[in-house]
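Data first, discussion second: the structure below is written as structure tokens.
The values are calculated or read from the model by the stated rules, or taken from the named source; none is laboratory data. All values reported here derive from a predicted model rather than from experimental measurement. As a convention, Cβ positions derive from the backbone with ideal geometry for all residues, glycine included, and neighbour counts pool all protein chains shown. The accessibility values were calculated without ligands, DNA or RNA, using every heavy atom of the protein model including side chains. Shrake-Rupley method; radii C 1.70, N 1.55, O 1.52, S 1.80 Å.
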Amino acid sequence: VLYGYLRARRKTEAIRLFDRMMQIDGEHPNTKTYTIMMDYYRQTRNVNGAVDMLREMEDRGYTPNLLTYNAVILAAAYGDVEDYAFKKMFQLFDEMVVTKEIPPNAHTFAALIVG
């Protein structure tokens with residue numbers, strides 16, 4: 001449902017559903033849900049929100065995967081200059097490859113090219 005809202009550009013409904021999931025016992029988001037929400041931040045050009053979501057995900061014990069990093073890097077690629085999005089995009093790439101040892105794929109490089 002969350003993915004459908006974002007694909008339909010119904011961002012308000014998507015964020016409302018995500019917030020509701022955070023409040024209900026046993027319905028907390030998982031890695032896939034957090035990854036889907038990265039598209040919300042890409043659509044709103046909010047690189048800081050995407051990075052905050054990534055950190056929150058890790059703080060809650062979920063491990064970001066290749067899809068998660070691709071999504072947050074793409075959000076940074078669409079970010080604003082004022083947010084230092086370009087710099088953050090490459091910092092996230094370094095974190096993914098060097099620190100987390102997650103090998104990039106074609107989608108990763110495509111996101112870097114967009115930025």
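Side notes on the structure shown:
- Residue in the range 77-92 that is in contact with a helix residue (DSSP H, G or I) (Cβ under 6 Å, 6 or more places away or on another chain), modelled with pLDDT of 95 or more and not acidic (D, E) present: yes
- Hey, T108 over 24 Å from K11 (Cβ atoms) and touching a residue at least 40 places away in the same chain (Cβ under 8 Å) or not: yes
- Scanning the range 1-39 for residues that are aromatic (F, W, Y) and open to solvent by less than 40 Å² (accessible area, probe 1.4 Å) yields F18, Y34.
- Search result, residues across the range 59-115 that are open to solvent by 90 Å² or more (accessible area, probe 1.4 Å), part of a helix (DSSP H, G or I) and closer than 16 Å to T35 by Cα: D59, L67, H107
- Among the residues of the range 44-58, the one identified as surrounded by 19 or more Cβ atoms within 10 Å (Cβ to Cβ) and not in a helix (DSSP H, G or I) is N46.
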